[in-house]
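Student: What follows is a structure written as structure tokens; I'll ask about it next.
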Amino acid sequence: MNGQTQASLAVNGITPAQQMISSCSGALLTSLLVTPLDVVKTRLQAQNNPLGKGKYFVYSNGLMDHICVCENGKGWYKAAGQFRGTFDAFYKIVCCEGITALWSGLPPTLVMAVPATVIYFTCYDQLCAALRARMGERAQEAPLLAGAIARVGSATVISPLELIRTKLQSQKQSYSELTSLIRSAVQAEGWWSLWRGLGPTLLRDVPFSAMYWYNYERGKSWLCQWYNVREPTLTITFLSGAGSGSIAAIVTLPFDVVKTRRQVELGELQAKNLSGPVSSSTFSIMKKIVAQDGFRGLFAGFFPRLIKVAPACAIMISSYEFGKAFFRKNNQERILRQLHSTNT
């Protein structure tokens, strides 16, 4: 192999391009497997709390959030009868609406969440390897810092696309109308207007990312020692991802509640063509929630978030690690073949 290729393999034995392919396949697999679970969960919740015309709800499949509007007073979906439970909901949705209904909201996920995930995971691996080489005795803390930096980078890159998607979903504008709206917003408020709402997103996602990667790496090392193996197996990465994702989801839940409330409030104002004030401060929204519902209000949706985030994190990281292991093995075999051919 030439010097440039060998240098690119210095990080974890694979190239950045191979890391991107691994993270892309992980994001695709996570979207395909987790989306039906959240579609059913959202429909069960809507059955108990029907939404009226113009009302908004936030749908999430573990990779990204979707703001959805209720088009009419009869609901935002074709009625499939009364659901008696999760399996009954799966059956009736498939029978009444077709199997594709289980993947509602998947296209915007693939358009936005997949690129964001590719940037995020690739940056994390590169940063973590670089930080571990420079931090010496404190190398165990590298995942904490690398996870936070990688999340800031990916969220900043994807934020303008998030704004565009939100506008399309809430106001149903054509692309030409959207282009003129964005152009006028930039002229009036500058380019920074494209990153509006980035602050609350970072308050939730950066701590989540830092805790997730730190606990994941520590959990993976501990399980490797427990099972007395040198390299983490698929089971080890799956359990580590689920455990670390659960811890991070619980700790950052108050920020997720704030972000959801902000999204719904903004969506309902837009649906009514109003430009009223939306709470600008994350902590002011927190104070309002505590005043209305007590501190328990900051942890609303605890169980639904947990059962959504834990499997999403587990599937994403285990498929990502599997992809990296596959490429690493192929690279090692290729190097050995080339060395053998050179020696002979």
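The values are calculated or read from the model by the stated rules, or taken from the named source; none is laboratory data. Here the structure is a predicted model, which means the values were calculated and not measured. Here Cβ is always computed from backbone atoms with ideal geometry, including for glycine, and neighbour counts include all displayed protein chains. In case anyone asks, the SASA skips ligands and DNA or RNA and just uses the protein heavy atoms, side chains included. Shrake-Rupley method; radii C 1.70, N 1.55, O 1.52, S 1.80 Å.
Student: How do SER246, SER154, SER341 stack up against each other in accessible area, from largest to smallest, with a 1.4 angstrom probe?
Tutor: Descending order: SER341, SER246, SER154.
Student: Could you sort 30-38, 208-216 so that the peptide with the highest average Cβ count within 10 Å comes first and the rest follow in order?
Tutor: Those peptides, ordered most packed to least, come out 208-216, 30-38.
Student: Working with all protein chains in place, sort GLU97, GLU217 by solvent-accessible area computed with a 1.4 Å probe, largest first.
Tutor: My answer, sorted largest first, is GLU97, GLU217.
Student: What are the ³J(HN,Hα) couplings of the range 300-311, residue after residue, when phi is run through the Karplus curve with 6.51, -1.76, 1.60 and θ = phi - 60°? Round to Hz, x for glycine and proline.
Tutor: 5, x, 4, 5, x, 5, 5, 6, 8, 6, 4, x
Student: Which of the peptides 231-238, 121-128 is most tightly packed, and how do the rest follow, going by the mean number of other Cβ atoms within 10 Å of each residue?
Tutor: 121-128, 231-238
Student: Let me check I've understood the local charge: for ARG218, count other residues with C-beta under 15 angstrom from its C-beta, Lys and Arg +1, Asp and Glu -1. What total comes out?
Tutor: Neighbour charge sum, excluding ARG218 itself: +1.
Student: Still on this model: Can you give the accessible area of LEU239 in Å² (nearest 10), computed on protein heavy atoms with a 1.4 Å probe?
Tutor: The accessible area comes out at roughly 80 Å².
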